Amino acid sequence: MSDTERSPLLAREHDDQAPNESSPLLSNHHEPEHDGDSNDQRRNSSSSATKAHHSTKRKWRWPSLIAILVLAASVIVIIVLGFIVPPAVKQYAETAAVLEPTSLSLESLTADGVRARIQANFRLDGARVTDDNARRIGRLATGIMRHLGTEETRLYVRLPNYDNALLGSAIVPPLSLDLVDGHNNELDFVADVTPGDAELMRKIVNEWLDGKLDQLKVNGAASLSLKSGFLPLGTHDVVETMVFEAKEIPSIPEYKIQNLVFHDVPLGDGSGMGVGANVSITAHNDYPIGLDVPSLAFEVLVPNCNPSEPNIKVASAVTSIIHIRPKSDVTAEAEGVIRELPETLTRACPDTELSPLDNFMKHYLHGEDARVFVRGKASEQSDLPEWVGELLESITVPVEFPGRNFGNFIRNFSLTDVDFKMPSPFADPSDPSGKPRVSGTVQVLAGLPAELNINIEVDSLRANGDLIYEDQKFGELNLDQWQKANSSIASGSGNDEDIITITSHIADAPIDITDGDIFGDLMQKLLFGDEDIILDVKSSVDVRVATVLGKLVLKGVPAQGKVPVKHIPGDTVSALDPHISDVRIMNTSTSGVNLQAKIALTNPTPYTATVPYINVHIMKHGFMIGEAIARDVDFQLGDNADIGVSATWDPKAFSGSHGQEVSRRLLSEYLSGKNTTLEIRTHRGTIPTMPIIGEALSKINITVNTPRVKLPGDDGGGGNSHGFIRDAVFHILSSTAAFTLASPLRHNTVHIERINATAFYNHTEPVGQIVHDEPFDAPPGLSQTPRLPVTWSTSSVGFEKLKDALGGSLKLDAVADVTLRVGNWIQEVKYEGKGIGARVSL
């Protein structure tokens, strides 16, 4: 066959134009060639005709005339077709051709490729041609030709940017096209497609999946054997180059996991139990492609510590047959099984405490997408051709595994048997022992996700979280040590979720108070409010669980819940009911004393506390008159006796003369048996290692009844039923009186330096007055005063009543200004006693 016959029938003038669905089916360069021998032959024929004309002289022969006309018409047609028509027809074919693919379906898999059914519409639309001459000539030429046919053709697709490697080839059966303008050709044929270099395909796919494929240049080549009707048009080489930019290359469609359920399953080989998973994924097919994907096996992998390290296989899975239909939703279902947890999955990565499993769960449990990889796997039980399995095994597809938000899965949270421990004053504030600690029994009721249908037993837990009150954070809970726990699961009925109950006894969990103002408001409402308090807890919990796969640690499980804190009913402060005993003066100064005492308190709360050190200020009417320090206090439920307290009473040193006067009135009222109160106020030094707590509690006004001292001869728990003056004996003839005193001090002597007292009958009638400037002692216990001189009020009704009681007794009141001394400390008080039993003798 001549070179002319194998020259391209149609070709583009500009190869860099991007193809589209309306591009001409056949297009290549056509360079008209001129054969010199043909021209000579035409010239010789013309000369012969002229000679014949002259030889006939004036007589024309009809055969010769017809031959001349045909030859002349042929010359004209050759000139037109050779020099004018081809460019016009080429332009018309390129612009008017419309190819619309309608369906691409997979008929079957073959040993070396696939058999695909292709359906499309092809037509020539002259209205698309803007050049009038090209449109008229093109319509004329295609109208004359009317039909164009092809023989069976093999198409080769190569990649110029990859050393012109073969991507694949296809065998296209004979086709027949109607070239009449506007006539639609419905193409429906089956082509055998054979993939090319498998390694090349793997490389391209992986570059595409990794987002490294900016563009793909493909080159298609075929030798077309054409004919029009019975007239053969020769074989023509057709070459077409297309460049697909990244945005034009189809991407992985968006998908949605419709269903995902984990459950315990027996392993088929009898080696125990594993965790199975059923998943259903839906995506939309935007393309006119349809096929039935046979069952495929694949592996699920988790990223390793370093991207350069191989991914870690965690599960094997197999899909059901996937029915893909053009431009419709596609649902894929798969079943997988996790047989074991590889050691590399749970081993901590270098330079971090997190393992690959921890990194995966960190994203998943916080509602973020967690990346896994899916890699095909050749299955011995599969009927797939060998080349398909090899291709699948060479491709790893990243899949974004949708996370699950566990922020509200806690249904109830309770804390009982609560015990608080304050830090030691000598502890390092940065050390856990330098912070307040809480112990108690925690019970958590949590809803298990519906997709988690496996047996889980919680072995232990630890947590770090924020403590929040009224949407404001006030503290942090740091439970860094593992705490033993146990759990049980109650199955929900119907569509109700399963509930897991986790119980753990936590011990010495450190608490950091970060906002003193909020903490102060919280404590005030807890102590004096009428309603329970609801705290919010937002924490990150590490859980050690036992599953059929063994024990594993789930780190960073987000837990969010509400903790009800019961308020203390009634008057909390009054319920403390403080009593003092065993008061011991340790040293004195001219303005104050240092003392030690035992105090008894009642704990009205459901909480216990251990306090290594606490320092509080003793206030009265806003003036500091003393301070008290307690050490190693173990405050249990109910009555707490013999709490050791050391105190400093020095109003002048703390608050000057105003404080001294306030304290004098307080002591006078207290010694007189009146109900008095003290104000207890915390400060930054209350708990030295946690100044913020003392500062926060200082805003709470804690007013307590002044603790009563158990006096000698009193019955029961320290009531002052008889007062400091137990009785008196009045001697009428000697005009003296002696008193029995009950000292509150068991180890120290009180010196009475001066006394100016008046006795009254019926509260208002004076009986007599005692003025005594000579000191006398009141030793510990009950003691008798010396006889003190009395100046009788002889004109008073009170004195007459005293005489009437001679040999008997009566009740008298007394008002006295007394100067007391203990060591170097001297204090003036005003004593008012009522109902003092007085015996009268001569």
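Restricting attention to segment 661-679, which residues are in contact with a strand residue (DSSP E or B) (Cβ under 6 Å, 6 or more places away or on another chain) and surrounded by 17 or more Cβ atoms within 10 Å (Cβ to Cβ)? I'd like the intermediate steps shown before the answer.
Here is the first cut: in segment 661-679, the ones in contact with a strand residue (DSSP E or B) (Cβ under 6 Å, 6 or more places away or on another chain) are 662-663, 666-668, 671-672, 677-679.
Result: VAL662, SER663, LEU666, LEU667, SER668, LEU671, SER672, LEU678, GLU679.
Answer yes or no as to whether SER657 is of a type in the set (Ser, Thr, Tyr), at pLDDT 90 or above and open to solvent by 50 Å² or more (accessible area, probe 1.4 Å).
Values: of a type in the set (Ser, Thr, Tyr): yes; at pLDDT 90 or above: yes; open to solvent by 50 Å² or more (accessible area, probe 1.4 Å): yes.
Against the criterion (of a type in the set (Ser, Thr, Tyr), at pLDDT 90 or above and open to solvent by 50 Å² or more (accessible area, probe 1.4 Å)), SER657 qualifies.
Search segment 110-131 for residues being of a type in the set (D, E, K, R) and assigned to a loop (DSSP other than H, G, I, E, B), and hand back the single one that is nearest to PRO385 (Cα to Cα). Break it down stepwise before answering.
Start the filter on segment 110-131 by keeping residues that are of a type in the set (D, E, K, R), which leaves 112, 115, 117, 123, 125, 128, 131.
Pick out the ones that are also assigned to a loop (DSSP other than H, G, I, E, B) and you get 112, 125, 131.
On the way: ASP112: 8, ASP125: 43, ASP131: 52 Å.
The residue in question is ASP112.
Please go through segment 445-461 and pick out each residue that is under 13 Å from LEU554 (Cβ atoms), open to solvent by 60 Å² or more (accessible area, probe 1.4 Å) and under 21 Å from the mean Cα position of the chain (by Cα).
Result: no residue meets the conditions.
Suppose the filter is out of contact with any helix residue (DSSP H, G or I) (no Cβ under 9 Å at 6 or more places or on another chain) and not in a strand (DSSP E or B); does ASN306 pass it?
Working: out of contact with any helix residue (DSSP H, G or I) (no Cβ under 9 Å at 6 or more places or on another chain): yes; not in a strand (DSSP E or B): yes.
In short, yes.
Would you mention how many residues in segment 398-442 are of a type in the set (Lys, Arg) and at pLDDT 75 or above?
Pass one, segment 398-442, residues of a type in the set (Lys, Arg): 404, 411, 421, 435, 437.
Those still in the list that are at pLDDT 75 or above too: 421, 435, 437.
So the answer is 3.
Which residue out of ASP181, ASP197, ASP188, ASP192 is charged (D, E, K, R), open to solvent by 50 Å² or more (accessible area, probe 1.4 Å) and closer than 22 Å to ALA93 by Cβ?
Answer to the check: ASP181.
So, in segment 793-818, exactly how many residues are touching a residue at least 60 places away in the same chain (Cβ under 8 Å) and within 18 Å of SER841 (Cα to Cα)?
Of the residues in segment 793-818, the ones touching a residue at least 60 places away in the same chain (Cβ under 8 Å) are 802-803, 806, 812, 814, 816-818.
The next check asks that each one be within 18 Å of SER841 (Cα to Cα); those that pass are 802-803, 806, 812.
Residues that pass the stated criteria total 4.
Six or more apart or on different chains, Cβ atoms under 8 Å: show the pairs whose first residue is in segment 472-492 and in a strand (DSSP E or B) and whose second is acidic (Asp, Glu) and open to solvent by 70 Å² or more (accessible area, probe 1.4 Å).
Taking only residues 6 or more apart or on different chains, the pairs are ASN486/GLU457; SER487/GLU457.
The rows are residues; the columns are (1) within 23 Å of LEU733 (Cβ to Cβ); (2) exposed (fewer than 14 other Cβ atoms within 10 Å of the Cβ); (3) modelled with pLDDT under 95.
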| site | (1), (2), (3) |
| --- | --- |
| VAL767 | yes, no, yes |
| GLU774 | yes, yes, yes |
| ALA778 | no, no, yes |
| ASP804 | yes, yes, yes |
| SER809 | yes, no, yes |
| VAL815 | no, no, yes |
| VAL829 | no, no, yes |
| ILE836 | yes, no, yes |
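Mind checking which residues of segment 253-272 are open to solvent by 40 Å² or more (accessible area, probe 1.4 Å), more than 13 Å from ASN453 (Cα to Cα) and out of contact with any Ser or Thr (no Cβ under 9 Å at 6 or more places or on another chain)?
Selection gives PRO253, GLU254, PRO266, GLY268, ASP269, GLY270, SER271.
Give ALA463, ALA507 a once-over and let me know the one that is in contact (Cβ under 8 Å) with a residue 12 or more places away in the chain and closer than 30 Å to LEU260 by Cα. First the steps, then the outcome.
Values: ALA507 fails: closer than 30 Å to LEU260 by Cα.
None of the other options fit; the residue is ALA463.
Which of the numbered conditions does ASP542 fail, given that it passes all the others? Conditions: (1) surrounded by fewer than 17 Cβ atoms within 10 Å (Cβ to Cβ); (2) closer than 30 Å to MET361 by Cα; (3) among the acidic types (Asp, Glu).
(1)
Of all residues in segment 545-583 being polar (S, T, N, Q) and open to solvent by 50 Å² or more (accessible area, probe 1.4 Å), which is nearest to TYR670 (Cα to Cα)? Walk me through how you get there before you give the answer.
Here is the first cut: in segment 545-583, the residues polar (S, T, N, Q) are 547, 560, 572, 574, 581.
Keeping just the survivors that are open to solvent by 50 Å² or more (accessible area, probe 1.4 Å) gives 560, 574.
Details: GLN560: 52, SER574: 17 Å.
It comes out as SER574.
The values are calculated or read from the model by the stated rules, or taken from the named source; none is laboratory data. What you see is a predicted model, and the numbers here were worked out from it, not measured in a lab. Glycine gets a Cβ as well: all are built from the backbone with ideal geometry, and neighbour counts include every protein chain shown. All accessible areas refer to the heavy atoms of the entire protein, side chains included, with ligands and DNA or RNA removed. Shrake-Rupley method; radii C 1.70, N 1.55, O 1.52, S 1.80 Å.
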